[in-house]
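Below is one structure, written out as structure tokens, with a few remarks after it.
The values are calculated or read from the model by the stated rules, or taken from the named source; none is laboratory data. Just so we're clear, the structure is a prediction, and the values are computed from it rather than from any experiment. Because the Cβ atoms are built from the backbone with ideal geometry, glycine has one as well, and the counts that use them run over all protein chains shown. Surface areas here come from the heavy atoms of the whole protein model, side chains and all, with no ligands, DNA or RNA. Shrake-Rupley method; radii C 1.70, N 1.55, O 1.52, S 1.80 Å.
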Amino acid sequence: MDRGAFTRLVWPKHAEHDIVMRVGDRLVHCAHCGCSLRAMQPPQSGYSHTAMYYECVGDDCRQVVWARAELVDRELQEFTRHRLSDPSPGAGWQRARFALIDAELAEARELWAWYADPQHRRQLARAFAWWRAPRMLPLMLFGHESLWWVRSGLQQLGDELAGQVVRLAERPVQATGRTLLSVLREARTAYKSAHSAWLMKDWPSPAARRRLEESQDRFWNLLLGTQWRDLGPAEPPVDDRALTRDWTQEHGMLSRRRELLRLAIDTDRLVLYGLPGTAPRIEAVPASPSTR
């Protein structure tokens, strides 16, 4: 990883295709061609409101599944509740939660391995040395050290990743797993506190920088060095508020609902069937052994 790749990874990426409108966006697939589906709203005129449907993203297909998005979401909620109610340690969603954690942390491991190298930290300091020239600083940023952008980016990214780990880990059955999560939460809190104290200083003192670096290193080494598979099985999240509230009536907690749906899907592929005047039907197609 070079310096340019590092700075691109520091801030979490919010690509256009990550902006979703319904819980099933790109998590369900077209029964005709197999491409993913996205929620869409047909053209409307004046102040009229038309229902949302799911549309295939395949360039050669663009088929619209003529089933209202609310009806599809109801089927997805039932599917998720059924899958996540399995309490056995070998349930698919137990496997899936670790796979999702690994996916969230994959790039971050590469990032931190690069940044932890003292030579690379010095390389970044030299790259941002122009911030030390007062004439080039906006007034509102005067006094900040040259690496404030990188440090803040690392803190935000780490905070989001830790939040993902805590949510995906659910409630471990084993006491050792609960202890691991408690230690991570404490390190996350200390990191956020040290970062906030550093930002509040007009000119951060060496002691403030040292406290930030110590809490930063402890947090990142814990987050990326811990084998989260040691958490063991979790309690079924069937009482999660994001799952118990009606998905057809309340459209909040979209990110959490999509996490739960991904857990329920595991390695399967969800295919949506829908025709005008018929109820939508969701089918889970098992993945072949070679793709597991």
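Note the full-extension length gain between Arg245 and Ser88 as 0.36 nm times their separation in residues minus their Cα-Cα distance, in nm to one decimal.
Taking Arg245 through Ser88 to full extension adds about 54.1 nm, to one decimal.
Which value in nm describes the separation of the simple spin-label points at Gln227 and Val20, placed 7 Å from the Cα toward the beta carbon?
Here the modelled spin labels are 3.1 nm apart.
Measure off, as a whole percent, the carbon and sulfur share of the 1.4 Å-probe accessible area of the range 194-292, all protein chains present.
52 percent
Could you sort the peptides 93-105, 256-268 by per-residue average Cβ neighbour count (10 Å cutoff), highest mean leading?
Values: 93-105: 17.3, 256-268: 20.4.
Packing order, densest peptide first, comes out as 256-268, 93-105.
When the chain is fully extended, how far beyond the present Cα-Cα distance does Ala197 get from Glu214, taking 0.36 nm per residue of separation?
Working: separation 17, 0.36 × 17 = 6.12 nm, distance 1.35 nm.
Once the chain is fully extended between Ala197 and Glu214, it gains 4.8 nm.
Sticking with the crude label model, points 7 Å out along Cα→Cβ, report the distance from Glu78 to Asp159 in nm, one decimal please.
4.1 nm
Whole-Hz ³J(HN,Hα) for each residue in the range 185-199, computed from phi via Karplus 6.51 cos²θ - 1.76 cosθ + 1.60 with θ = phi - 60°, x for glycine and proline: what do you get?
Ordered by residue, 3J(HN,Hα) equals 4, 5, 5, 5, 5, 5, 5, 4, 5, 5, 5, 5, 5, 5, 5 Hz.
Could you point to the residue in Leu275, Val285, Gly232 farthest towards the positive end of the range 226-292's charge dipole, with +1 and -1 charges on the Cβ of Lys/Arg and Asp/Glu respectively?
After comparing all options, I get Leu275.
What whole number of Å gives the distance from the Cα centroid of the range 160-178 to the Cα centroid of the range 58-101?
First find each Cα centre; the distance between them is then 21 Å.
Quick one: which residues, 5+ away or cross-chain, put their amide H under 5 Å from the amide H of Ala31? H built at 1.01 Å from N.
Those lying under 5 Å, H to H, from Ala31 are Leu272.
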